[in-house]
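Every read-out reported here was derived from the displayed coordinates using simple, explicitly stated rules and does not represent laboratory data. Remember, predicted model here, so these are calculated numbers, not experimental data. For neighbour counting, all protein chains shown are included, and Cβ atoms are generated from backbone atoms with ideal geometry for every residue, glycine included.
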């Protein structure tokens, strides 16, 4: 089962200046349109950039709606043994709707 954070929980992480990593797995043009100030690693490039993903702190991974990021998390857990990954429930769409940019 994939661990999730809600958009409200992500907002609390941002506001509290918590030590976490935010990764956006959407494509560059999507990131340019709107982003949550995360680190852009498009879904197709994640496996080549595993070394950029922290294993020592909470890592929130997001996409547009939560589907791509869930796939990325499953692959990272299965192939690289990550245990600290959280999917942003509803993705950036939910964040914009509930919190705004």
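A few comments on the model shown:
- Plainly put, region 56-101 has a radius of gyration that is 1.04 times its Kirkwood radius, both from alpha-carbon atoms, as the Rg/Rh ratio.
- Over the chain: helical MRE at 222 nm, DSSP H runs n ≥ 4 each giving -39500 (n - 2.57), nearest 500: -10500 deg cm²/dmol
- Across every direction, the projection of the convex hull enclosing the Cα atoms of the chain has a mean area of 5.8 nm².
- Site pair residue 33 and residue 97 shows an inter-label distance of 1.6 nm when each label is modelled 7 Å from Cα along Cα→Cβ.
- The base-10 log of I(q)/I(0) for region 1-48, evaluated at q = 0.28, 0.33 Å⁻¹, reads -1.09, -1.15 [Debye formula, identical scatterers on Cα atoms, solvent excluded].
- Likely footprinting exposure, 6, 83, fewest C-beta neighbours within 10 Å first: 83, 6
- Potential extension, residue 78-residue 56 segment - 0.36 nm per residue separation minus Cα distance: 6.2 nm
- Among 16-27, 33-44, 87-98, the order from most to least packed when residues are scored by Cβ within 10 Å on average: 87-98, 16-27, 33-44
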